[in-house]
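Colleague: Would you mind keeping the following structure in view while I ask a few things?
The values are calculated or read from the model by the stated rules, or taken from the named source; none is laboratory data. In this text the structure is predicted, and so the values were computed from the model without any measurement. Virtual Cβ from ideal backbone geometry, glycine too; neighbours counted across all protein chains shown.
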Amino acid sequence: MAVRSKDTRPMIDRYRWWEVVLIYAGIFVFLFFMLAPFIEGFLVSLKPLSQLFSSPYKFWPENGSFKAYYTMWVSVPRFGRYIFNSFLISTVATIIVLALVVPAAYAFARFNYKGMALVLGGFLAVSMFSGAVLLIPLFRLMRTLGLLNTYFAMIVPGVAFLIPSAIWLLRTYMMRIPTELNEAAYMDGASQFYTFRRVILPIAAPGIVVVAITTFIGAYAQQFIFALTFNSKSDYMPLPVGLFAYFGKQDVIWNELMAASFVGIAPALVIIFFLQRYLVGGLTAGAVKQ
Amino acid sequence: MGQLSLKNVIKTFGDFEVVKNVSLDVQEGEFIVFVGPSGCGKSTLLRMIAGLEHTTGGDIVIDGKRVNDLPPVKRGIAMVFQSYALYPHMSVYENIAFPLRVEGAPEAVIRKKVNDAAAILHLDERLHQRPGQLSGGQRQRVAIGRAIVREPEIFLFDEPLSNLDAALRADMRIELTRLHKQLGATMIYVTHDQIEAMTMADRIVVLHGGDISQVGAPLELYHKPQNTFVAGFIGNPRMNMLPARCMGVTANGVQISCQGQSVTLPVAPRAGLEGAEMLLGIRPEHVTLGQGDLTLRATPNVIEQLGQQTIGYASLDGREENFLFVLSGTRGIEDDKPISLGFAAADCHLFDSTGAALERQVDIAAMTAPTL
Ligand SMILES: Nc1ncnc2c1ncn2[C@@H]1O[C@H](COP(=O)(O)OP(=O)(O)OP(=O)(O)O)[C@@H](O)[C@H]1O
Ligand SMILES: [Mg+2]
């Protein structure tokens, strides 16, 4: 009897054993470099402070505990407030970006007008500046507008720098929605706005979620620099600046700092975890025959 | 109502004239088919009638009213796209209901109309599925359903069946013909498929480079093409064209010499043709083995056996182009052996040097059951 192969993978997906070993080794190295800081950070958060400076240094915590996760709230009582601020700034920034970018991306994807390439190129050019280069002009601008030491000082520049990449991302997604759908809706008597709301928005939903996630993460990462320069009110401080509170006069409470970092990003992780459920692909399946 | 007139309609894209001066009258309830080679402006013309494309010049008149500047809904027109253009995030029910929702029709009316349309199109079982879960034919039916709920007076179809496989296309063809009878609406249909054009149309409009080449009933186009373009375009395989010279004109027809033989063709005579270069057209299916009014010696290069037909590609002395012949049934013809091919003078078409046909003396009404 002929030998039957149980392997159902297509030929192009089959590898020799040593190819498999190499692939996994590559993945391991890559992942290790990416995750090592997180692993070390987590281990540090479990160690008592005294053990951190022992030599020889031990990676594995002896009598490790989650104690730092309790004491961090005591040493910096306002920490909850910082998390809330971070969250607020990023959420408001994301909402503003989406409100502006969704219609803009649709317009860029569907309508052709003179100078469109220029505007799009301009957006790309702007996104090449990081906020840091423009801090001083921005500072003067904020002062003139009287926005220093408000939430807006951290939200507005963040939004400005997040818009270009969001527009590009969403425009590409929307260009893949077939124009026949617009024409069909037009034939059926729908107005531009009705078509946008009832046809384009639902189909673009996965793209919008992607943009929301990247914008949220971007706003989270960006707020540090704006908070540091444009805000001196500790009530409005976001998480990354708030972490400085663990830098005492004499020494740094490293284990609580690490614990606080992990607690601080947890809400963002939860949000992203819920949003990514909506990242289902293939929503346009069946719209048109390609 | 659903009477449509095109009056000297022109469309240019930049400097490029895509539709040149097209005039056409479509009667209420008629099934009109646009055919023509790729890029001749069929879709553009259809989209102008629909109101998707701006009309550069001329008038589009529906039921006596000029509609050039009206949006599609106000024209009372619905269109079915080649690519279906269904809304992928909506159920079949919602897809069909879409035009009614736009109108703001009451829920009860929507339910009734959608269910009626679904019944006509055999989609009752599918109403709660998404387009992505349907087969090609079902999707096309949903697209048609979306068109019929609005009860338009004129339906436009742009190659609606070209994405379907042959068997499904045959089924849908019959369903569309049935639908046309049932609704009694005017339909304008663009297709590449000759069988669709011949079987569904009341009249066929042959477009060529943005111009109307000929308008007529399918059999009229087949039996009396007005020019070489229509003669070559309608009928499959294409008509054979042989160079000929006019020898004389009599009351019975035109005497020509072709391939060294002289024969009188029964076509409407015209003065001043004597000595002129002409083209003789003969359809492959009118060629038989053996002698005819005109007989050619030919050597078949390729023989295609289809069972019900035998198609041959033969070379004639002194001509590069293949001479096609179609014999009914299975015939054991060997390639590369010379044979005699004959055909009757009555089956021949004759064209003058400008490509215009001399009218053949055939009575189409005598061949077919009278229409309309
Ligand atoms: N938006 C446009 N801008 C410029 N030229 C166009 C545009 N749309 C169509 N054309 C040109 O008009 C001509 C006719 O196009 P059209 O789509 O009407 O052809 P068609 O007869 O439908 O062809 P097919 O059978 O391939 O669908 C083509 O040469 C095409 O290049
Ligand atoms: Mg076309």
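Colleague: Six or more apart or on different chains, Cβ under 7 Å: which pairs go from a residue in segment B:25-54 that's within 14 Å of chain A (Cβ to nearest Cβ) to one that's among the β-branched types (Val, Ile, Thr) and within 16 Å of ligand 2 (Cβ to nearest atom)? Could you list them?
Modeller: B:43/B:190; B:44/B:18; B:44/B:19; B:46/B:188; B:46/B:190; B:49/B:188; B:53/B:44
Colleague: Going by the structure shown, is residue B:143 touching a helix residue (DSSP H, G or I) at 6+ places or on another chain (Cβ under 9 Å), buried (at least 17 other Cβ atoms within 10 Å of the Cβ), within 28 Å of residue B:177 (Cβ to Cβ) and within 9 Å of another protein chain (Cβ to nearest Cβ)?
Modeller: So residue B:143 passes the test.
Colleague: Can you name the residue in segment A:158-190 that is in contact with a Pro (Cβ under 7 Å, 6 or more places away or on another chain) and surrounded by fewer than 23 Cβ atoms within 10 Å (Cβ to Cβ) and, of all such residues, is nearest to the other protein chains (Cβ to nearest Cβ)?
Modeller: A:189
Colleague: Please enumerate the residues belonging to segment B:145-176 that are part of a loop (DSSP other than H, G, I, E, B) and either of a type outside the set (D, E, K, R) or not assigned by TED's automatic domain parsing to the domain that holds residue B:60 (or both).
Modeller: Scanning segment B:145-176 gives B:149, B:152, B:160, B:161, B:162, B:163, B:164.
Colleague: Considering (1) within 16 Å of ligand 1 (Cβ to nearest atom); (2) crowded, with 22+ Cβ neighbours inside 10 Å, say which one residue B:38 fails and leave the rest.
Modeller: The failed condition is (2).
Colleague: Just checking, which of A:46, A:35, A:100, A:88 is outside the structural domain of residue A:255 (by TED's automatic domain parsing) and either touching a residue at least 40 places away in the same chain (Cβ under 8 Å) or among the charged types (D, E, K, R) (or both)?
Modeller: Just one listed residue meets the conditions, A:46.
Colleague: Based on this model, can you work out whether residue B:4 counts as more than 14 Å from chain A (Cβ to nearest Cβ), under 30 Å from residue A:199 (Cβ atoms) and within 16 Å of ligand 2 (Cβ to nearest atom)?
Modeller: no
Colleague: Select from segment B:154-177 the residues that are within 14 Å of chain A (Cβ to nearest Cβ), away from ligand 1 (no atom under 16 Å from the Cβ) and either within 22 Å of residue B:3 (Cα to Cα) or touching a strand residue (DSSP E or B) at 6+ places or on another chain (Cβ under 7 Å) (or both) and list them in ascending order.
Modeller: Of everything in segment B:154-177, those that are within 14 Å of chain A (Cβ to nearest Cβ), away from ligand 1 (no atom under 16 Å from the Cβ) and either within 22 Å of residue B:3 (Cα to Cα) or touching a strand residue (DSSP E or B) at 6+ places or on another chain (Cβ under 7 Å) (or both) turn out to be B:154, B:155.
Colleague: Quick test for you: out of B:192, B:208, B:122, pick the one residue that is over 30 Å from residue B:10 (Cβ atoms) and of a type outside the set (A, V, I, L, M, F, W, C).
Modeller: Answer to the selection: B:122.
Colleague: When you go through (1) away from every other protein chain (no Cβ under 11 Å); (2) surrounded by fewer than 21 Cβ atoms within 10 Å (Cβ to Cβ) one by one for residue A:202, which number turns out not to apply?
Modeller: (1)
Colleague: Output the residue which, of all residues in segment B:19-32 that are crowded, with 20+ Cβ neighbours inside 10 Å and within 13 Å of ligand 1 (Cβ to nearest atom), is farthest from residue B:5 (Cα to Cα).
Modeller: Restricting to residues being crowded, with 20+ Cβ neighbours inside 10 Å and within 13 Å of ligand 1 (Cβ to nearest atom), the top hit is B:19.
Colleague: With A:106, A:113 as the choices, which residue is outside any helix (DSSP H, G or I), assigned by TED's automatic domain parsing to the domain that holds residue A:198 and over 17 Å from residue A:222 (Cβ atoms)?
Modeller: Only one candidate passes the filter, namely A:113.
Colleague: Working only within segment A:1-54, note down all residues that are within 28 Å of the chain's Cα centre (by Cα) and among the hydroxyl-bearing types (Ser, Thr, Tyr).
Modeller: A:24, A:45
Colleague: Tell me, which residue of segment B:43-54 that is in contact with a helix residue (DSSP H, G or I) (Cβ under 9 Å, 6 or more places away or on another chain) and within 15 Å of ligand 1 (Cβ to nearest atom) is farthest from residue B:144 (Cα to Cα)?
Modeller: For segment B:43-54, the residue satisfying everything is B:54.
Colleague: So, one more: Taking the stated definitions as given, is residue B:78 small (Gly, Ala, Ser), more than 16 Å from ligand 1 (Cβ to nearest atom) and more than 10 Å from chain A (Cβ to nearest Cβ)?
Modeller: No; evaluated as a whole, the condition is false for this residue.
Colleague: Looking at residue A:210, is it out of contact with any Ser or Thr (no Cβ under 8 Å at 6 or more places or on another chain), free of Cβ contacts under 8 Å to residues at least 40 places away in the same chain and of a type in the set (Val, Ile, Thr)?
Modeller: Judged against the criteria, residue A:210 is not a match.
Colleague: Mind checking which residues of segment B:356-372 are of a type outside the set (A, V, I, L, M) and either at pLDDT below 85 or crowded, with 16+ Cβ neighbours inside 10 Å (or both)?
Modeller: Answer for segment B:356-372, where residues must be of a type outside the set (A, V, I, L, M) and either at pLDDT below 85 or crowded, with 16+ Cβ neighbours inside 10 Å (or both): B:360, B:363, B:368, B:370, B:371.
Colleague: So is residue A:219 away from every other protein chain (no Cβ under 14 Å), within 23 Å of residue A:122 (Cβ to Cβ) and surrounded by fewer than 19 Cβ atoms within 10 Å (Cβ to Cβ) or not?
Modeller: no
Colleague: Looking only at segment B:121-135, count every residue that is within 13 Å of another protein chain (Cβ to nearest Cβ) and free of Cβ contacts under 8 Å to residues at least 40 places away in the same chain and tell me the total.
Modeller: 4
Colleague: Moving on. Taking segment A:136-157, which residues are part of a helix (DSSP H, G or I) and surrounded by fewer than 17 Cβ atoms within 10 Å (Cβ to Cβ)?
Modeller: Of everything in segment A:136-157, those that are part of a helix (DSSP H, G or I) and surrounded by fewer than 17 Cβ atoms within 10 Å (Cβ to Cβ) turn out to be A:136, A:137, A:139, A:140, A:141, A:143, A:144, A:145.
Colleague: Look at residue B:118 and say whether it is crowded, with 21+ Cβ neighbours inside 10 Å, without any contact (Cβ under 8 Å) to a residue 40 or more places away in the chain and more than 11 Å from chain A (Cβ to nearest Cβ).
Modeller: Criteria met by residue B:118.
Colleague: For segment B:146-160, name all the residues that are surrounded by fewer than 24 Cβ atoms within 10 Å (Cβ to Cβ) and within 16 Å of ligand 2 (Cβ to nearest atom).
Modeller: Correct list: B:158, B:159.
Colleague: Hey, residue B:69 hits all of (1) away from ligand 1 (no atom under 16 Å from the Cβ); (2) modelled with pLDDT of 95 or more but one; which does it fall short on?
Modeller: That leaves (2) as the condition not met.
One line per residue, one yes/no per condition, for (1) more than 14 Å from every other protein chain (Cβ to nearest Cβ); (2) buried (at least 22 other Cβ atoms within 10 Å of the Cβ); (3) within 16 Å of ligand 1 (Cβ to nearest atom); (4) among the hydrophobic types (A, V, I, L, M, F, W, C):
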{"position": "B:10", "(1), (2), (3), (4)": "yes, no, yes, yes"}
{"position": "B:16", "(1), (2), (3), (4)": "yes, no, yes, yes"}
{"position": "B:56", "(1), (2), (3), (4)": "yes, no, yes, no"}
{"position": "B:95", "(1), (2), (3), (4)": "no, yes, no, no"}
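Colleague: Restricting the search to segment B:185-216, which residues are of a type in the set (Ser, Thr, Tyr), within 16 Å of residue B:37 (Cα to Cα) and more than 16 Å from ligand 2 (Cβ to nearest atom)?
Modeller: Passing the criteria: only B:213.
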